[in-house]
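Structure first, commentary second.
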Amino acid sequence: MMTSTSLKRGLTSAQVAMIGLSGALGTGLFLGSGSVISFAGPATIVSYAIAGLFALAVVWALAEMVTVHPVAGGYGAVSSSYVGRMAGYVARWNFAVTFSVAMGAEVTATATYIRWWFPSVPLWAGTLGCAVFIIVLNIASVHLYGSSEYWFSMIKVIAIVAFILLALALIVGVVPGREAIGLGHLTAHGGFMPNGVVGVLAAVCMAVFAFGGVENVSVTAAESENPHRDIPRAAGTMIYRLIIFYLLAVGVVLALQPWTETAAGSGALEESPFVKALELTGVGAAAHIMNAVLIVAALSAANGVLYSSSRMIHSLALDGEAPAALARTAPNGAPRGAVYAAALGMAVAAVLALVSPDRAFLWLAGIATVGILITWALTMYTHLKFRGARKAASAWLPKRRLWGAPVVNVLVMLASVAIYVALLWLMPVAWYAGVPYMVVLVVSYFVVSRRDLPPVPDLLRDELAQADGHAARLED
């Protein structure tokens, strides 16, 4: 009996767009982004705008590449073909590990929010229950996964829009019985830029990670019903929505209360600016509503990163760079072995977060931080090679593609390096955990490459050969 290794195209255009939003619209935004605000004060708005432009460039580079090559493994498979096997190996394993670590964090966070309602439920039990729920969604058909993520993300979007509207009502003074808050908090307590340009740049370094997860949109290409239409459309709507959501949401957070209060917050649910806005407008049970939204946000993020991590592992297995069993797919097209492998990483991360919530979780955060920067830098380098090779071969490019290449590519790569250097002072664990992590990634490649691996698919050559064959048939 032949074993299937093929994914199925079952994701609709709307689902692809919402999956792209899932990873980047996380719990941090709802809890106030206090750690970022502490660096720049009201000028955090500028910091998020700059970080959003970096994310915009990365998303369009990804969308351009996977629109041309909608293959399993997304940009990692493209990197393997256009840059080399080592680049593809590092790109995909880094993606898989980074997102697997993020899964552990998200299911543990979900369990924590559940305990706010049910304090008698052990943290390990809540974590296990959430993990099982997410795994079940991912071993089902890709269409069911897409539907669940669509509604998870829709709830988050509705919550953010509602918050922004409520906050604007409070700011301009249209809430009965409440005086207008106005925009005074944006210039009080040290001015709009209390910590100067250095503070704004430091906040950019931290704000970048709010957009981590935008890469999800590229992974959906192999399972989209119409990737040539859906990926560019999703990339365009998703990133602009993200930038608008973050700028407006952070802007009204800063206007509602002194930035010093938000920055000093412990991240507790009751301190969330979202809860404060609900309470000021007379909405009852504000904290309960916010807790429900946080649970959905964390489950959505966990659902999205398990999907992406498993698809990268499946792609690695197809190229012989992960165990062959992980390339197999179920009759419904789900790569169940890859899902279980990615979930194993989630289990390790969750156990570490439970056993040593301070030290272990900090190291996991350091690995995830470095992983995002590696992904962004490799994406832009791969795109440079992609553009160069296709120009030399006179091959087509999508109408909607990255503007400003190669200058934009170089700027984002330099920014990624600069941010990593800055993290030595801002987040030292990104170096303590990140450097050994990068060494292990590279060394593992040389160990794996000593095996007799199948050749890396040459996507450009195969595309040109297919075009020539089509032309020959037309002549006949």
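From the set of residues in the stretch 261-283 that are in a helix (DSSP H, G or I) and under 17 Å from Val175 (Cβ atoms), which is modelled with the lowest pLDDT?
Among those that are in a helix (DSSP H, G or I) and under 17 Å from Val175 (Cβ atoms), it is Pro273.
Just checking, does the stretch 15-28 include any residue being assigned to a loop (DSSP other than H, G, I, E, B), crowded, with 24+ Cβ neighbours inside 10 Å and either among the basic types (Lys, Arg) or within 18 Å of the chain's Cα centre (by Cα) (or both)?
Looking for residues that are assigned to a loop (DSSP other than H, G, I, E, B), crowded, with 24+ Cβ neighbours inside 10 Å and either among the basic types (Lys, Arg) or within 18 Å of the chain's Cα centre (by Cα) (or both), one finds at least one in the stretch 15-28, hence yes.
Being assigned to a helix (DSSP H, G or I) and touching a Gly at 6+ places or on another chain (Cβ under 6 Å): is that true of Met206 here?
no
Is there a residue being more than 19 Å from the chain's Cα centre (by Cα) and closer than 30 Å to Val355 by Cα anywhere in the stretch 137-146?
yes
Does Phe133 satisfy the criteria of being at pLDDT 90 or above and not in a helix (DSSP H, G or I)?
No; evaluated as a whole, the condition is false for this residue.
In this structure, does Gly173 turn out to be modelled with pLDDT under 90 and on the phi > 0 side of the Ramachandran plot?
Criteria met by Gly173.
So how many residues does the stretch 304-320 have that are modelled with pLDDT under 90 and not in a helix (DSSP H, G or I)?
Adding up the residues that qualify gives 0.
Can you say whether Ala365 is among the small types (Gly, Ala, Ser), under 24 Å from Pro457 (Cα atoms) and either part of a helix (DSSP H, G or I) or touching a residue at least 60 places away in the same chain (Cβ under 8 Å) (or both), as far as the supplied structure shows?
In short, no.
When the stretch 191-213 is examined, which residues are found to be within 30 Å of Leu280 (Cα to Cα) and loosely packed, with under 15 Cβ neighbours inside 10 Å?
Matches in the stretch 191-213: Gly191 only.
Would you be able to say whether some residue in the stretch 444-465 is of a type in the set (S, T, N, Q), surrounded by 19 or more Cβ atoms within 10 Å (Cβ to Cβ) and either in contact (Cβ under 8 Å) with a residue 40 or more places away in the chain or touching a Lys or Arg at 6+ places or on another chain (Cβ under 7 Å) (or both)?
no
Spot the failing condition for Leu128; the list is (1) without any contact (Cβ under 8 Å) to a residue 40 or more places away in the chain; (2) crowded, with 17+ Cβ neighbours inside 10 Å, and only one is missed.
(2)
Surrounded by fewer than 23 Cβ atoms within 10 Å (Cβ to Cβ), at pLDDT 90 or above and not charged (D, E, K, R): does that describe Ala255?
In short, yes.
If I ask for residues that are within 26 Å of Pro227 (Cα to Cα), touching a residue at least 24 places away in the same chain (Cβ under 8 Å) and in a helix (DSSP H, G or I), which ones from the stretch 392-423 would you list?
Val408, Asn409, Val412, listed by residue number.
In the list Tyr48, Tyr82, Tyr89, which residue meets the criterion of being crowded, with 21+ Cβ neighbours inside 10 Å, touching an Asp or Glu at 6+ places or on another chain (Cβ under 7 Å), more than 19 Å from Arg233 (Cα to Cα) and not aliphatic (A, V, I, L, M)?
Sole residue among the options that is crowded, with 21+ Cβ neighbours inside 10 Å, touching an Asp or Glu at 6+ places or on another chain (Cβ under 7 Å), more than 19 Å from Arg233 (Cα to Cα) and not aliphatic (A, V, I, L, M): Tyr89.
State all residues of the stretch 238-250 that are surrounded by fewer than 20 Cβ atoms within 10 Å (Cβ to Cβ), in contact (Cβ under 8 Å) with a residue 24 or more places away in the chain and of a type in the set (Val, Ile, Thr); if no residue qualifies, say none.
Ile243
Just name the residue that is farthest from Ala395 (Cα to Cα) out of those in the stretch 35-84 that are outside any helix (DSSP H, G or I) and at pLDDT 90 or above.
My answer is Gly84.
From the list Val370, Val351, which one is surrounded by fewer than 19 Cβ atoms within 10 Å (Cβ to Cβ) and not charged (D, E, K, R)?
Going through Val370, Val351 in turn, the sole match is Val351.
Determine whether the stretch 89-107 contains at least one residue that is at pLDDT 95 or above, part of a helix (DSSP H, G or I), farther than 22 Å from Ala368 by Cα and not polar (S, T, N, Q).
No, there is no match, as no residue in the stretch 89-107 is at pLDDT 95 or above, part of a helix (DSSP H, G or I), farther than 22 Å from Ala368 by Cα and not polar (S, T, N, Q).
Residues being more than 13 Å from Glu279 (Cβ to Cβ) and in contact (Cβ under 8 Å) with a residue 12 or more places away in the chain: count how many of those fall in the stretch 164-176.
The number of residues fulfilling the criteria is 4.
Give me the pairs, please: first residue somewhere in the stretch 251-270 and aromatic (Phe, Trp, Tyr), second residue anywhere and modelled with pLDDT of 80 or more and buried (at least 16 other Cβ atoms within 10 Å of the Cβ), beta-carbon distance under 6 Å, and either six or more positions apart or on two chains.
Close Cβ pairs (under 6 Å, with a partner that is modelled with pLDDT of 80 or more and buried (at least 16 other Cβ atoms within 10 Å of the Cβ)) amount to Trp259/Ile37; Trp259/Gly41; Trp259/Pro42.
Of the residues that sit in the stretch 173-185 and are surrounded by 12 or more Cβ atoms within 10 Å (Cβ to Cβ) and of a type in the set (A, V, I, L, M, F, W, C), which one is farthest from Thr260 (Cα to Cα)?
That would be Val175.
Out of Pro428, Pro436, report the one residue that is out of contact with any Gly (no Cβ under 8 Å at 6 or more places or on another chain) and closer than 29 Å to Ala317 by Cα.
Pro436
Just wondering, is there one or more residues in the stretch 284-303 that are outside any helix (DSSP H, G or I), over 25 Å from Phe209 (Cα atoms) and not basic (Lys, Arg)?
Yes - at least one qualifying residue is present in the stretch 284-303.
Name the single residue, out of those in the stretch 189-203 being in a helix (DSSP H, G or I) and either among the basic types (Lys, Arg) or in contact with a helix residue (DSSP H, G or I) (Cβ under 8 Å, 6 or more places away or on another chain) (or both), that is farthest from Lys8 (Cα to Cα).
Filtering the stretch 189-203 for residues that are in a helix (DSSP H, G or I) and either among the basic types (Lys, Arg) or in contact with a helix residue (DSSP H, G or I) (Cβ under 8 Å, 6 or more places away or on another chain) (or both), the one farthest from Lys8 (Cα to Cα) comes out as Gly199.
The values are calculated or read from the model by the stated rules, or taken from the named source; none is laboratory data. Source: prediction; values computed, not measured. Methodologically, a virtual Cβ is constructed for each residue, glycine included, from the backbone with ideal geometry; neighbour enumeration extends over all protein chains shown.
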